[in-house]
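The values are calculated or read from the model by the stated rules, or taken from the named source; none is laboratory data. Owing to the predicted nature of the structure, the values given are computational and were not obtained by experimental measurement. Every residue, glycine as well, gets a Cβ built from its backbone with ideal geometry; the counts of neighbours run over all protein chains shown.
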Amino acid sequence: MFAVIRTGGKQYRVAPNDIIEIEKIAGEPGDIVELGEVLLLGGDSPKTGSPTISGAMVAAEVIEQKRDDKIIVFKKKRRQGYRRTKGHRQMLTALRITEILTDGKKPSKSAAKPAPKKVEAKAEAKADTKADTKATDKPAKKKAETKPAAKKPAAKAAAKKAPAKAAAKKSAALAPAKKPAAKAKKS
């Protein structure tokens, strides 16, 4: 038995255990996805839809999410000095077709989800990182304390410069004022 399905604006002929690459759809590796747009069911008694067959569905398991090869888009207008180069990599989902369902049946195979293992591993990793951060927090505080100590002499140097500026202002105030600029003659 085979089916023709539509997804991502394209049509694919699929049979159980086929591996196809389609445009990206949501799902983690190991998840079971349902493709509901079945256009044709083939086999002993073929059925066609108008446009789809109601109640028919294809179940597939997500193998991986990946990117296609790069496509180079090059535009040129001759004798105009116009050239543009762009690249594109399409996001793809690799699927293994598990079964073709008719009459509104649900997929019999549910995904064996490795998520609980990941959650436990993440919890352990978080506990490890918390222990690591506690160990690293103490040296970080020491570094923070040493940095302001290095800045204090610079602050003293700035304090020394400030009276020099004040003295320059006082001497400028005591000095005779400059003459105003000469006015331009009108002619």
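One table, with the values for the structure above:
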{"quantity": "Of all residues in the stretch 45-76 being of a type in the set (S, T, N, Q) and part of a loop (DSSP other than H, G, I, E, B), the one that is surrounded by the most Cβ atoms within 10 Å (Cβ to Cβ)", "calculated": "52"}
{"quantity": "Residues located in the stretch 77-115, provided they are loosely packed, with under 11 Cβ neighbours inside 10 Å, polar (S, T, N, Q) and at pLDDT below 90", "calculated": "108, 110"}
